[in-house]
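Below is one structure, written out as structure tokens, with a few remarks after it.
The values are calculated or read from the model by the stated rules, or taken from the named source; none is laboratory data. Just so it is clear, the model here is predicted, and its values are computed rather than measured. Cβ atoms come from the backbone with ideal geometry, glycine included; neighbour counts cover every protein chain shown. Protein only, heavy atoms only, side chains kept; ligands, DNA and RNA dropped before computing areas. Shrake-Rupley method; radii C 1.70, N 1.55, O 1.52, S 1.80 Å.
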Amino acid sequence: MKSIGVFDSGAGGLTVVRELIRQLPSENIVYFGDTARVPYGIKSKETVIRFSIENILFLLGHDVKLICVACNTVSSVALPVIKTHFRVPIVGVISPGVREAVYATRNKRIGVIGTKGTIRSRAYEIEIKKLDPDVKVITQACPLFVPLVEEGWLAGNVVSDVVRSYLKPLKVARVDTLILGCTHYPLLKSIIKDVLGKSVTLIDSAKQVAIEVKETLAQEGMLNKGGRGRQLFYVSDNPEWFAGQAERFLGQKIRNIRKVENV
Ligand code: DGL
């Protein structure tokens with residue numbers, strides 16, 4: 001039985017895996033976390049494209065029928081290029097989140113937060129404007145969020161100060177919808193809500209991504225019906241670190257993490 005291949009720079013993409021398991025319980029999943037080369041968010045476009053191609057080639061060696069790019073940085077800076085290199089369907093995280101945000105906004109002011117690479121690429125802005133040119137898009141890179149989440153700092157004064165400082169321009173701009181444009185940010189949802197107020201809709205694209213994966217597989221006649229899918233996890237370094245992060249992002253313990261020598 002062919003699998004869905006998912007990759008991310010590290011463990012954050014497990015937030016997408018969690019949703020895939022929920023919506024597509026019969027599908028096998030092969031996950032690759034590039035823990036040897038994380039973070040991607042500060043790297044150049046050329047490097048992210050090169051890493052992504054290597055990651056996809058690795059997954060293609062594991063009999064996958066679709067690739068889900070769970071990383072926002074890769075989806076932002078590399079997706080258009082990597083799509084031209086492969087015939088396998090590739091689903092990224094940008095358009096599913098954008099569709100939900102454009103649907104949700106009432107005052108046509110959407111905020112986008114992400115890594116430096118994601119924000120610099122302007123990918124979210126471009127996609128939003130394609131759907132609705134009247135929407136005002138306010139973007140902000142939040143580079144301290146990833147290390148905070150990975151250290152398990154999800155609440156408290158320090159985190160609250162950092163969140164407040166990054167989100168100030170978005171608050172001033174009165175956004176009513178905020179795209180959490182990074183794998184790690186859904187874990188900061190509750191503190192972001194406290195800072196921005198309940199009236200701001202937070203968009204976590206994982207649910208929409210899983211819907212898009214399901215629709216794509218259905219269109220291609222590749223949906224797996226019946227049976228229970230299994231998950232395989234590969235990393236390029238430090239399986240112990242990944243196992244610790246996995247509990248946080250996936251909400252469950254995982255065993256059988258395999259280290260790959262050469263991607
Ligand atoms: N997975 C990355 C993203 O969603 C965050 C971590 C990194 O910088 O590699 O943008």
Filter result for G156 (surrounded by fewer than 18 Cβ atoms within 10 Å (Cβ to Cβ), of a type outside the set (K, R) and within 16 Å of the ligand (Cβ to nearest atom)): no
Options K108, K130; residue that is open to solvent by 10 Å² or more (accessible area, probe 1.4 Å) and out of contact with any Lys or Arg (no Cβ under 7 Å at 6 or more places or on another chain): K130
All positions within segment 21-39 that are surrounded by fewer than 23 Cβ atoms within 10 Å (Cβ to Cβ) and more than 15 Å from the ligand (Cβ to nearest atom): I21, R22, Q23, L24, P25, S26, N28, I29, V30
Any hit, segment 173-180, residues being free of Cβ contacts under 8 Å to residues at least 60 places away in the same chain, open to solvent by 30 Å² or more (accessible area, probe 1.4 Å) and not polar (S, T, N, Q): no
Of all residues in segment 40-91 being in a strand (DSSP E or B) and either among the aliphatic types (A, V, I, L, M) or under 19 Å from N262 (Cβ atoms) (or both), the one that is nearest to the ligand (Cβ to nearest atom): V69
